[in-house]
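Asks: Would you mind keeping the following structure in view while I ask a few things?
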Amino acid sequence: MRLAIIGTGYVGLVTGTCLATLGNHVACIDIDREKIARLEKGIMPIYEPGLKEMVGKNVRESRLSFTTSLAEGIAEADVVFIAVGTPSGKDGKADLTAVEKVAEALGRSLDSYKVIVTKSTVPVGTTERVKGIIEKCQKKKAHFDVASNPEFLREGKAIKDFLNPDRVVVGVSSPKAKEVMERLYRPLQRVNRPIIFTDIRSSELIKYASNAFLAAKISFINQISRLAEKVGADIKQVATGMGLDNRIGPRFLQAGLGYGGSCFPKDVRALVHMLKENSCSSSIMEAVEQVNREQQQILVHKAKAALGSLKGKSIAIWGLSFKPDTDDMREAPSAAIIGALLKEGASVSVFDPVAMEEAKKIFPSITYGDDPYAILKDAHALILITEWDEFKEPDFKRVRSLLKAPFIIDGRNIYDPQEVSSFGLTYIGMGR
Ligand SMILES: NC(=O)c1ccc[n+]([C@@H]2O[C@H](COP(=O)([O-])OP(=O)(O)OC[C@H]3O[C@@H](n4cnc5c(N)ncnc54)[C@H](O)[C@@H]3O)[C@@H](O)[C@H]2O)c1
């Protein structure tokens, strides 16, 4: 099939590349000229394992191309995906400016039948609104259908998730659009990935409900972790005991610094807004947000409790991205923690395998190290924020010899407290 993806960011680039891998011809469109120029030279705008190689292969085999021209990009397409950003706007409401601009441009350019698909995470009713905007802006009355196809990929595992999804959700309102989308996803159906068709509004809500549920699971275990700490239980053992219940499951039950990234925080806020707008109680989702905000401050309190005051203290941090295997710093817990440490008068040195360039845009004047150990010399504490693989088995003897004071604050509970203590270090975890 011939496809166009509007918005060549995280989701757009991964979607376009994976759909090209499945044999389609894909044009990736973006208004960011520099991004497109760099992509044409094989330079990726994001760090995502395996993506560069996959983009290169599809470009060489003429299935993937990049353009800044929407009219040119969509001209031949059977399906057009809208994958632009939907950030938090005022009061947490999803800002749909980019989606609406794309819909207007689509209306001006559309001259043959296409299925226009919202892949961006959009509030319920947006796909229908896109339809209305296109119709209003159409110069030539070409027939088209709209569909909703929310994306569930995880950064860091985006390619695997796109090609082996737990499920593909497609919201449609016409048999023709259903047929087109069924044909598009047939290769995934062949490898037993479930494709579910729903009405458009349900599809839009499935995305928010899924992200909010996962965020709630994280805040739930984080709240229990505070109790575990007070009553002398170990949250890791509690989570294992809970997770073995099939009805609960072990995933998203790791106590730590809470969720961050480009999706959960903004999607929970947008859901709160949608609930309120429809006169529904938003109490669960508001509590989820509050617990998450507090969790990052709890770590700063732990550092303060260990060191007395943070003023003039030197703190070393391992990991900056909101999770491992990505350089994405959007709403990363590290940003809130570093901000709070600086406010308390501490000096901060950091190391992250890939996210330091992104972090420099937020904190240009903290110290960035060349390797994890370089930043430990004379630090009063090491704080582990992102659980990159390379931090999982550190040389604790070396850590102890470099640190000025013996504190390790394990924000993700990845270390064994007894092992850490055996090196003369003081272990501080989250809920242990
Ligand atoms: N990042 C994720 O892990 C993830 C996962 C699932 C769903 N989503 C959703 O997918 C959507 C996109 O997220 P993202 O992380 O890829 O965003 P992003 O910011 O990485 O990318 C958005 C891209 O759209 C481009 N753009 C903006 N306006 C445009 C226009 N008028 N025409 C063409 N291009 C335009 C931007 O230049 C940018 O390159 C959001 O709604 C997000 O919630 C994201």
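The values are calculated or read from the model by the stated rules, or taken from the named source; none is laboratory data. Bear in mind the structure is a predicted one, so any value in this text is a computation, not a measurement. Don't worry about glycine lacking a Cβ; one is built from the backbone with ideal geometry, like all the others, and counts go over all protein chains shown. For the accessible areas, the whole protein counts, side chains as well, though only heavy atoms, and no ligand, DNA or RNA atoms are used. Shrake-Rupley method; radii C 1.70, N 1.55, O 1.52, S 1.80 Å.
Asks: Quick one: which residues, 5 or more positions from residue 66 or on another chain, have an amide H under 5 Å from its amide H? H modelled 1.01 Å from N in the peptide plane, none for Pro or chain starts.
Replies: 28
Asks: Find the accessible area per residue for region 336-432; the probe is 1.4 Å, ligands and nucleic acids are left out, and the unit is Å². Present the calculation step by step, with values, prior to reporting the outcome.
Replies: Values: 4370 Å² over 97 residues.
Here the residues of region 336-432 average 45 Å² of exposed surface.
Asks: Ranked by accessible surface with a 1.4 Å probe, highest first, in what order do 242, 274, 181 come? Please report the intermediate quantities before stating the final value.
Replies: On the way: 242 45, 274 25, 181 0 Å².
Reading off the accessible areas and sorting them downward yields 242, 274, 181.
Asks: Would you mind getting the accessible area per residue of region 99-205, heavy atoms of the protein chains only, 1.4 Å probe, in Å²? Don't skip to the end; give the middle numbers.
Replies: Values: 4900 Å² over 107 residues.
That works out to 46 Å² for each residue.
Asks: Rg and Dmax of the chain, using alpha carbons, in Å: what are they?
Replies: 23.4, 75
Asks: If I histogram all Cα-Cα distances within region 267-322 using bins 10 Å wide from 0, what percent of pairs lands in each bin?
Replies: Answer for region 267-322: a P(r) of 19, 32, 23, 18, 7 percent.
Asks: Follow-up. Starting from 0 in steps of 5 Å, tell me what percent of the Cα-Cα pairs of region 110-245 lands in each bin.
Replies: Final binned percentages: 2, 9, 15, 16, 15, 12, 10, 8, 5, 4, 3, 2, 1, 0.
Asks: Another question, then. Among the lysines, select those whose C-alpha is under 23 Å from the C-alpha of residue 57, and discard any that sit fewer than 8 residues away in the same chain.
Replies: 35, 41, 157, 160
Asks: Each residue of region 218-231 in order: what ³J(HN,Hα) in whole Hz does its phi give by Karplus 6.51 cos²θ - 1.76 cosθ + 1.60, θ = phi - 60°, with x for Gly and Pro?
Replies: These are the phi-based 3J(HN,Hα) values: 5, 5, 4, 5, 5, 5, 4, 5, 5, 5, 3, 4, 5, 9 Hz.
Asks: Can you tell me which of 122, 238, 11 moves the most in a GNM of the chain? Springs connect C-alpha atoms under 10 Å apart.
Replies: Ranking 122, 238, 11 by mean-square fluctuation puts 238 first.
Asks: Separation of region 401-432 and region 119-135 by C-alpha centroid, Å?
Replies: Rounded to whole Å, the Cα centres lie 49 Å apart.
Asks: Given contacts defined as C-alpha pairs under 8 Å and at least six residues apart, what's the relative contact order of region 171-317, whole-number percent? Write out the running numbers ahead of the final one.
Replies: Details: 110 pairs, mean separation 32.2, N = 147.
Rounded, it is 22 percent for region 171-317.
Asks: Let me have the relative contact order for the chain, percent, based on Cα pairs under 8 Å that are six or more residues apart. Don't jump to the answer; show the numbers that get you there.
Replies: Values: 846 pairs, mean separation 50.9, N = 432.
Computed value for the chain: 12 percent relative contact order.
Asks: Next question, about the same structure. Within region 1-22, what residues put their amide N at less than 18 Å from the label point 7 Å along the Cα-to-Cβ vector of residue 182?
Replies: Hits in region 1-22 for residue 182 at 18 Å: 1.
Asks: Across every pair of different alpha-carbon atoms, what Kirkwood hydrodynamic radius in Å does region 2-198 reach? Write down the numbers at each step before the final one.
Replies: Values: mean 1/r = 0.0595 Å⁻¹.
Result for region 2-198 stands at 16.8 Å.
Asks: Scan around residue 347 for amide H atoms under 5 Å from its own, H built in the peptide plane at 1.01 Å from N, and keep only partners 5 or more places away or cross-chain.
Replies: HN-HN under 5 Å from residue 347: 312, 313, 314, 315.
Asks: In whole percent, and with a 1.4 Å probe on the protein chains, what portion of the accessible area of region 2-198 is carbon and sulfur?
Replies: It is 50 percent, rounded to a whole number.
Asks: Just to confirm the filter: which chymotrypsin sites (Phe, Trp or Tyr not before Pro) across region 26-116 are DSSP coil and have at most 13 other Cβ within 10 angstrom of their Cβ?
Replies: On the way: sites: 47, 66, 81, 113; in loops: 47, 113.
For chymotrypsin sites (Phe, Trp or Tyr not before Pro) across region 26-116 that sit outside H, G, I, E and B with at most 13 neighbouring Cβ atoms in 10 Å, the list reads 113.
Asks: Please give the length that would be gained between residue 113 and residue 76 if that part of the chain were fully extended, namely 0.36 nm times their separation in residues minus their C-alpha to C-alpha distance (nm, one decimal). Don't skip to the end; give the middle numbers.
Replies: Working: separation 37, 0.36 × 37 = 13.32 nm, distance 1.00 nm.
Answer, rounded to one decimal: 12.3 nm.
Asks: Evaluate Rg over Rh across region 323-409, taking Cα atoms for both radii and Kirkwood's formula for Rh.
Replies: Working: Rg = 12.6 Å, Rh = 13.5 Å.
Computed over Cα atoms, the ratio is 0.93.
Asks: Enter the angle in degrees (range 0 to 90, nearest 10) between the Cα long axis of helix 51-60 and the first principal axis of the Cα atoms of the chain, meaning the one along which they spread out most.
Replies: 30 degrees
Asks: Dipole of the chain, Cα-centred, from +1 at each Lys and Arg C-beta and -1 at each Asp and Glu C-beta, to the nearest 20 debye? Walk me through the intermediate numbers first.
Replies: On the way: 60 positive and 53 negative charges, 92 e Å.
Charge dipole, the chain, about its Cα centre: 440 debye, nearest 20.
Asks: Quickly work out the residue 367-to-residue 128 label distance, labels modelled 7 Å from Cα along the C-beta direction, and quote it in nm with one decimal.
Replies: Rounded to a tenth, the inter-label distance reads 5.9 nm.
Asks: Still on this model: Using a 1.4 angstrom probe and counting only protein chains, how large is the accessible area of residue 135 in Å², to 10?
Replies: 80 Å²
Asks: Go through region 168-182 residue by residue and turn each phi into a ³J(HN,Hα) via Karplus (6.51, -1.76, 1.60, θ = phi - 60°); whole Hz please, and just put x for glycine and proline.
Replies: My calculation for region 168-182 gives 10, 10, 10, x, 9, 10, 9, x, 5, 4, 4, 4, 5, 5, 5 Hz in order.
Asks: Over region 318-373, consider all pairs of different Cα atoms and compute the Kirkwood hydrodynamic radius from their mean reciprocal separation; express it in Å, one decimal. Don't skip to the end; give the middle numbers.
Replies: On the way: mean 1/r = 0.0890 Å⁻¹.
Computed over region 318-373, the radius equals 11.2 Å.
Asks: Under the Karplus relation 6.51 cos²θ - 1.76 cosθ + 1.60, θ = phi - 60°, what is the ordered set of whole-Hz ³J(HN,Hα) values for region 303-315, x standing for Gly and Pro?
Replies: The phi angles translate into 5, 5, 4, 6, 9, x, 10, 8, 4, x, 8, 10, 10 Hz.
Asks: So for region 232-428, Kirkwood radius off the Cα pairs, Stokes-Einstein at 10 °C and 1.306 mPa s: how many µm² s⁻¹? The partial results should precede the final answer.
Replies: Working: Rh = 17.8 Å.
Approximately 89 µm²/s, per Stokes-Einstein.
Asks: In nm, give the distance between the simple-model label positions of residue 68 and residue 419, each being 7 Å from the Cα along the Cα-to-Cβ direction.
Replies: Distance between the two pseudo-spin positions: 5.1 nm.
Asks: Of 363, 336, 109, which is farthest on the positive side of the dipole of the chain, counting Cα position, with +1 on Lys and Arg Cβ, -1 on Asp and Glu Cβ, and the Cα centre as origin?
Replies: My answer, from the dipole projection, is 109.
Asks: Check each of the trypsin sites (Lys or Arg not before Pro) in region 164-225 and keep only those in coil by DSSP with at most 16 other C-beta atoms within 10 angstrom; list them in order.
Replies: Answer in residue order: 167.
Asks: Taking amide hydrogens as modeled 1.01 Å from N in the peptide plane, which residues meet the under 5 Å criterion relative to residue 154, leaving out close sequence neighbours?
Replies: Here 161 satisfy the definition.
Asks: When the chain is fully extended, how far beyond the present Cα-Cα distance does residue 90 get from residue 196, taking 0.36 nm per residue of separation?
Replies: Numbers: separation 106, 0.36 × 106 = 38.16 nm, distance 3.30 nm.
Value of the extension gain: 34.9 nm.
Asks: Quick check: pseudo-label points 7 Å beyond the Cα along Cα→Cβ at residue 279 and residue 136, how many nm apart are they?
Replies: So the two model labels end up 2.6 nm from each other.
Asks: Under 1.5 on a/c is rounded, so check that first for region 237-311, then, if it is not, pick prolate when a/b is larger than b/c and oblate when it is not; a ≥ b ≥ c are the square roots of the alpha carbon gyration tensor eigenvalues. Before the final figure, lay out the partial values.
Replies: Values: a/c = 2.67, a/b = 1.25, b/c = 2.14.
Because a/c hits 1.5 or more and a/b fails to exceed b/c, region 237-311 counts as oblate.
Asks: What full-extension length gain, to one decimal in nm, is calculated for residue 245 and residue 354 as 0.36 nm per residue of separation minus the Cα-Cα distance? Let's see the in-between values first.
Replies: Values: separation 109, 0.36 × 109 = 39.24 nm, distance 3.63 nm.
Computed gain between residue 245 and residue 354 is 35.6 nm.
Asks: Using only alpha carbon pairs under 8 Å that are at least six residues apart, calculate the relative contact order of region 232-428 and give it in whole percent. Display every interim value, and only then the final one.
Replies: Working: 314 pairs, mean separation 38.4, N = 197.
RCO, region 232-428: 20 percent.
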